[in-house]
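Participant: The structure follows.
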């Protein structure tokens, strides 16, 4: 940004709803939490007024120095909807130009979405790309992209990444009744991004993570404390550290509980009590703070994490028969200012036995927890590496 590398931590589906009221805090208290965690920007549709003022976008910038990003195809406040006119028609393009020209000189604008939650199954990439390129031509100094629904074949998704810009797949931790599948989707998409980078394509790598799904999660009764914590803290930590290990720079959080709808008492949600929801909220604040402060030099280092090929149990990608299920340990390392960082990821939902990661050094320290581990004969060893767990470690010479 302005010639400087940044960790793009972003928050979606949050600002336009009254989440703070549901948990007994003021809006200012919530925004201060977002600001202190190191979030760079927030996402939503534009809510500008017909008189030319932009109250929400401008207010968040003025008060908290939070950027804003939204679609170039819809400005709700000014009733500008290029979708209705047809995105690739002359009328649709005129509306897009109006939206882009209105916002592009504002200090709060971070980057452009084309439509937000683009679905390649609903709109072919061949129709999407001309809209993307047109927006880019109107404001070439900013990235253009989308938070896209993880759909379509690998070839379709590859063609979307090849367009370039800020292209982040939207993946929910609680989107499947099979525990391994959400993480498998995350890991699979990050590996696809890695392969495309190795082939020379350039785009912002990262993921839009949904810690708690929008509305009512799959298979969960709409009210009651049936799902007090949809997963332990360690699982959310694994999601972020896996992104770090695969060289992500953008980390969006889609905050689903902002959109709770009817049917529950004030103290209940589809995910349990609001205090339980706040527990997950605080988890993600802690982890985003790690990304934007503790791990910032690691993420922004121009060198890349490289996979440690002979870690054990061996890393196995899914076969056609087991879908999104990965096996074994994924390990990667990189050098940052003379220090070796190693990320170790248990890809399974069960403990892994006899984990071995080859590294050169005398000892290792977990960056986030401070735990120390000895290195013997050039190997980090764990007799049991916990389920859902990931660690990032520094290695002493």
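A short reminder: the numbers here are calculations on the coordinates, not readings from a lab. Since the structure is predicted, the reported quantities are computational estimates derived from the model, not experimental observations. A quick note on method: Cβ atoms are made from the backbone with ideal geometry, for glycine too, and the neighbour counts reach across all protein chains shown.
Participant: Any idea how far apart residue 293 and residue 335 come out in nm if each label point goes 7 Å out from Cα toward Cβ?
Facilitator: It works out to 3.0 nm between the two label points.
Participant: Could you tell me the calculated FRET efficiency between residue 319 and residue 129, based on Cβ-Cβ distance and R0 = 35 angstrom, to the nearest 0.05? Don't skip to the end; give the middle numbers.
Facilitator: Numbers: r = 33 Å, r/R0 = 0.93.
For residue 319 and residue 129, the calculated efficiency is 0.60.
Participant: Per-residue counts of other Cβ atoms within 10 Å, averaged by peptide: what ranking do you get for 310-316, 112-118, highest first?
Facilitator: 112-118, 310-316
Participant: For residue 88 and residue 155, compute 0.36 nm times the residue count separating them, minus their Cα-Cα distance, and round to one decimal in nm. Each step should come with its number before you reach the end.
Facilitator: On the way: separation 67, 0.36 × 67 = 24.12 nm, distance 2.36 nm.
Extending this stretch completely gives an extra 21.8 nm.
Participant: Given an 8 Å cut-off on Cα distances and at least 6 residues of separation, report the relative contact order of the range 306-396 as a percent.
Facilitator: Here the relative contact order equals 29 percent.
Participant: Starting from the Cα gyration tensor of the range 306-396, take the square roots of the eigenvalues, sort them a ≥ b ≥ c, and report rounded, prolate or oblate (rounded when a/c is under 1.5, otherwise prolate if a/b is larger than b/c, else oblate).
Facilitator: It comes out prolate by the Cα gyration axes.
Participant: Kindly identify the chain as rounded, prolate or oblate by the Cα gyration tensor criterion: order the square roots of the eigenvalues as a ≥ b ≥ c, call it rounded if a/c is under 1.5, otherwise compare a/b with b/c, prolate if a/b is larger, else oblate. The partial results should precede the final answer.
Facilitator: Working: a/c = 1.70, a/b = 1.44, b/c = 1.18.
Prolate, since a/c reaches 1.5 and a/b exceeds b/c.
Participant: Additional query: Stretched out fully, how many nm does the piece from residue 368 to residue 300 gain, at 0.36 nm a residue minus the Cα gap?
Facilitator: Going from the current span to full extension adds 22.7 nm.
Participant: Suppose R0 equals 45 Å; then what is the FRET efficiency for residue 63 and residue 377 from their Cβ-Cβ distance, rounded to the nearest 0.05?
Facilitator: Step by step, r from the Cβ atoms, then E = 0.20.
Participant: Related question: Say a paramagnetic label sat at a point 7 Å from the Cα of residue 98, along Cα to Cβ; which residues of the range 19-48 have their backbone N under 20 Å from it?
Facilitator: Of the residues in the range 19-48, 45-48 have backbone N under 20 Å from the label point off residue 98.
Participant: Can you give me the distance in nm between label points at residue 349 and residue 234, each placed 7 Å from the Cα along the Cα-to-Cβ direction?
Facilitator: In this crude spin-label approximation the distance works out to 1.5 nm.
Participant: Pop the C-beta distance of residue 76 and residue 197 into the FRET formula with R0 = 45 Å and round what comes out to the nearest 0.05.
Facilitator: With a Förster radius of 45 Å, E is 0.80.
Participant: Let me ask you something else. Under the definition of Cα pairs under 8 Å and six or more residues apart, what whole-number percent is the relative contact order of the chain?
Facilitator: 14 percent
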